[in-house]
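First up is the structure itself, then whatever we jot down about it.
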């Protein structure tokens, strides 16, 4: 007989579902008694009147959290069966097994009430279609969600309280360990300590994650990392491993907790950890344990890494210095719209502002040639840097010498470690039982591998024992000569002593950004913003396409015509104009060919035998006809080539000759007005 008056024959004719869930894989393995109680609900369903073959078990959600329905295949299967009207009752040890989220819980209650499906737990059986059953189940669902949040808040509060005291045992990065009393200390292995210090020193010198990685790999210096057992393992340097060392505040002696935030971007997928800025960390305790660097250096490194990031439009950073010809790459800003400019390499380096085109489809804001702008900024840079050139050279030489010493020390420590491993493998081999060939053979292989690794490291050390110094120290005579000259750095720059990356890095030492604004076709306003806030502004001439777009073209034309009429040669006119600050459109001086073009256009001839406009009786040449029509001669040539004007060249002169008659002008004017499509002569 049924044990509850809510159970009717209609319910017994349908399935009874037993829903089993544990919140984590750990609970599935350890909370065995709770698991047995949930599986025992099968017998209770039989006692309530359901045949054994109608009782179905759903345990696909073992190890899944009940805080959401996403990713719970068993719960989704249960909802599907209820929707199809196949289920008469759902048994669960308590409602927390079905859901700990009120949104999912009330949807299940609505569905069960509509399909007349009962819900049973260890306390009783409820009808979601009745007001009393819905009230009790609703309260149980709210209490279950509240219980989840209460447990989580209690555990989190304990963790945060312990973290605020600096006593929370977080996983330490390689190079830091805990002693017997639980205190954080540096790793006792000197090679591990030296290699981590070398990473920081190399980055401060090279200023790029990729360069540090290439430097370590070129010197065959692996990085210490942790294996899956937590022991130190030496592996080849990667950008990720170098970045993990440089960004970790533990190396600055700081205890940090809550550096990331969990963000669920896709339903049903694991949450993604997003890094937070330092001011949003939950706990930060400085000088908590021995440090490899100070906190100021860590902040400086973090700023350099952010600055090297190349997503200019989004992050507005300068990017790492690269090998391109444009020296102001990454530090130029548009004076028209304020966005960062990028470099375009085609026929010549050009700074362009294409942010508005990318975002809104509008035309490019500015195209500016890089060469004259770079030259001006370099000139100003040398003017500002001249008093500090010798100090800069001494500092660079000292950094290079320290870097070489660090690399040499790292190689020596690496050889010491490999010799120890080879000696240890040899001792283990000699202590093994020779009759146990399986063990002896494996130990012999390890000994041989250690010897090969040691031999390779010794050969590499011998090859790089005396590397040529890239920067020669200054002797007294050279120093005095440089002090007297005062122009050493510009000369080294011109001699190619610096790579493109080094040139850009030197410019960024003093320059924060360069703002460019085209005032006219051939004039650009350049404002240099120095580190510290000072600015230097000027107007620079830049190349343009044609003579007519030049701001001083009218004045230059008048001077050319006046000088040509007085009998001066083209070369003398060009030289005089260049001295007075004039120039040709695409050059930094006035070319004789520019003078000649303007002179001939105004029919000023130097010699009578020089080519001059032809005069053929009864005919018009193309230039003569263009003058009569008041159009450019290219308008006629273009239509001749396209076939709109049909005419053949004169066999004797090889020119296009038109009849010098009013009808010719009348027909061509009708073509201009679009009244006819073709004309034939």
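The values are calculated or read from the model by the stated rules, or taken from the named source; none is laboratory data. Computed from a prediction, not measured in an experiment: that's the story for all the values here. Every residue, glycine among them, receives a Cβ derived from its backbone with ideal geometry; neighbour counts consider all protein chains shown.
Please count how many residues of region 505-536 are in contact with a strand residue (DSSP E or B) (Cβ under 6 Å, 6 or more places away or on another chain) and free of Cβ contacts under 8 Å to residues at least 12 places away in the same chain.
Number of matching residues: 1.
Every residue in region 149-188 that is over 23 Å from residue 299 (Cβ atoms) and in contact with a helix residue (DSSP H, G or I) (Cβ under 8 Å, 6 or more places away or on another chain), please.
168, 187
Any residue in region 167-180 that is crowded, with 16+ Cβ neighbours inside 10 Å sitting within a Cβ distance under 8 Å of a residue that is assigned to a loop (DSSP other than H, G, I, E, B)? List the pairs, counting only those 6 or more apart or interchain.
173/248; 174/187; 175/187; 175/292; 176/187; 176/289; 177/187; 177/188
What pairs can you find where one residue is in region 409-423 and over 18 Å from residue 447 (Cβ atoms), the other is not in a helix (DSSP H, G or I), and their Cβ atoms are less than 6 Å apart, with a gap of 6+ or different chains?
Going by the 6 Å Cβ cut-off, the qualifying pairs are 410/221.
Condition first: in a helix (DSSP H, G or I) and either at pLDDT below 75 or crowded, with 16+ Cβ neighbours inside 10 Å (or both). Now tell me which residues in region 429-440 satisfy that. Explain how you work it out, then say what you get.
Of the residues in region 429-440, the ones in a helix (DSSP H, G or I) are 429-431, 437-440.
Correct list: 429, 437, 438, 439, 440.
Considering (1) without any contact (Cβ under 8 Å) to a residue 24 or more places away in the chain; (2) touching a strand residue (DSSP E or B) at 6+ places or on another chain (Cβ under 9 Å); (3) not in a strand (DSSP E or B), say which one residue 539 fails and leave the rest.
(3)
Of these, 563, 574, which one is surrounded by 13 or more Cβ atoms within 10 Å (Cβ to Cβ), modelled with pLDDT of 85 or more, more than 49 Å from the chain's Cα centre (by Cα) and under 22 Å from residue 371 (Cβ atoms)?
Among 563, 574, only 574 is surrounded by 13 or more Cβ atoms within 10 Å (Cβ to Cβ), modelled with pLDDT of 85 or more, more than 49 Å from the chain's Cα centre (by Cα) and under 22 Å from residue 371 (Cβ atoms).
Taking residue 258 as the residue in question, decide whether it is touching a residue at least 40 places away in the same chain (Cβ under 8 Å), farther than 30 Å from residue 456 by Cα and surrounded by fewer than 20 Cβ atoms within 10 Å (Cβ to Cβ).
yes
Of 494, 518, which residue is in a strand (DSSP E or B) and under 22 Å from residue 375 (Cα atoms)?
Working: 494 fails: in a strand (DSSP E or B).
Exactly one of 494, 518 is in a strand (DSSP E or B) and under 22 Å from residue 375 (Cα atoms), namely 518.
So which of 103, 4, 24 is loosely packed, with under 13 Cβ neighbours inside 10 Å and within 27 Å of residue 142 (Cβ to Cβ)?
The conditions single out 103.
Given region 597-681, what helices (runs of 4 or more DSSP H) lie entirely inside it while holding 2 or more residues that are more than 60 Å from the chain's Cα centre (by Cα) and surrounded by 11 or more Cβ atoms within 10 Å (Cβ to Cβ)?
Once the helices (runs of 4 or more DSSP H) in region 597-681 are filtered for at least 2 residues that are more than 60 Å from the chain's Cα centre (by Cα) and surrounded by 11 or more Cβ atoms within 10 Å (Cβ to Cβ), what remains is 622-629, 662-672.
Output the number of residues of region 27-45 satisfying the condition of being free of Cβ contacts under 8 Å to residues at least 12 places away in the same chain and surrounded by 14 or more Cβ atoms within 10 Å (Cβ to Cβ).
Total satisfying the criteria: 1.
Yes or no, residue by residue, for (1) surrounded by fewer than 15 Cβ atoms within 10 Å (Cβ to Cβ); (2) modelled with pLDDT of 90 or more; (3) within 18 Å of the chain's Cα centre (by Cα); (4) assigned to a loop (DSSP other than H, G, I, E, B):
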site: 298; (1), (2), (3), (4): no, yes, no, no
site: 310; (1), (2), (3), (4): yes, no, yes, yes
site: 313; (1), (2), (3), (4): yes, no, yes, no
site: 317; (1), (2), (3), (4): no, no, yes, yes
site: 322; (1), (2), (3), (4): yes, no, yes, yes
site: 329; (1), (2), (3), (4): no, no, yes, yes
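Right, residue 446: touching a helix residue (DSSP H, G or I) at 6+ places or on another chain (Cβ under 8 Å), in a helix (DSSP H, G or I) and surrounded by fewer than 16 Cβ atoms within 10 Å (Cβ to Cβ) or not?
no
Going through region 254-281 one residue at a time, which ones are modelled with pLDDT of 85 or more, outside any helix (DSSP H, G or I) and out of contact with any strand residue (DSSP E or B) (no Cβ under 9 Å at 6 or more places or on another chain)?
Across region 254-281, the qualifying residue is only 277.
From the list 479, 527, which residue is surrounded by fewer than 17 Cβ atoms within 10 Å (Cβ to Cβ), at pLDDT 80 or above and out of contact with any helix residue (DSSP H, G or I) (no Cβ under 6 Å at 6 or more places or on another chain)? Before the answer, list the steps.
Numbers: 479 fails: at pLDDT 80 or above.
Just one listed residue meets the conditions, 527.
Of all residues in region 547-568 being free of Cβ contacts under 8 Å to residues at least 24 places away in the same chain and touching a helix residue (DSSP H, G or I) at 6+ places or on another chain (Cβ under 9 Å), which is farthest from residue 600 (Cα to Cα)?
553
Would you confirm whether or not region 582-593 contains a residue that is over 46 Å from the mean Cα position of the chain (by Cα), loosely packed, with under 14 Cβ neighbours inside 10 Å and not in a loop (DSSP other than H, G, I, E, B)?
For region 582-593, residues over 46 Å from the mean Cα position of the chain (by Cα), loosely packed, with under 14 Cβ neighbours inside 10 Å and not in a loop (DSSP other than H, G, I, E, B): present.
Take residue 250 and decide whether it is in a helix (DSSP H, G or I), under 21 Å from residue 279 (Cα atoms) and at pLDDT below 90.
So residue 250 does not fit the description; no.
So residue 588 fits all but one of (1) outside the structural domain of residue 509 (by TED's automatic domain parsing); (2) over 24 Å from residue 370 (Cα atoms); (3) modelled with pLDDT under 85; what number is the exception?
Going through the list (1) outside the structural domain of residue 509 (by TED's automatic domain parsing); (2) over 24 Å from residue 370 (Cα atoms); (3) modelled with pLDDT under 85, residue 588 breaks only (2).
Taking strands (runs of 3 or more DSSP E) that do not extend beyond region 35-143, which have at least 2 residues that are under 50 Å from the mean Cα position of the chain (by Cα)?
none
Take residue 144 and tell me if it is within 30 Å of residue 67 (Cα to Cα), in contact with a helix residue (DSSP H, G or I) (Cβ under 9 Å, 6 or more places away or on another chain) and surrounded by fewer than 20 Cβ atoms within 10 Å (Cβ to Cβ). If you could, list the steps in order and put the result at the bottom.
Numbers: within 30 Å of residue 67 (Cα to Cα): yes; in contact with a helix residue (DSSP H, G or I) (Cβ under 9 Å, 6 or more places away or on another chain): yes; surrounded by fewer than 20 Cβ atoms within 10 Å (Cβ to Cβ): no.
Taking the combined requirement at face value, the residue does not satisfy it.
Exactly one of these conditions fails for residue 356: (1) touching a helix residue (DSSP H, G or I) at 6+ places or on another chain (Cβ under 8 Å); (2) at pLDDT below 85; (3) surrounded by 14 or more Cβ atoms within 10 Å (Cβ to Cβ). Give me its number.
(1)
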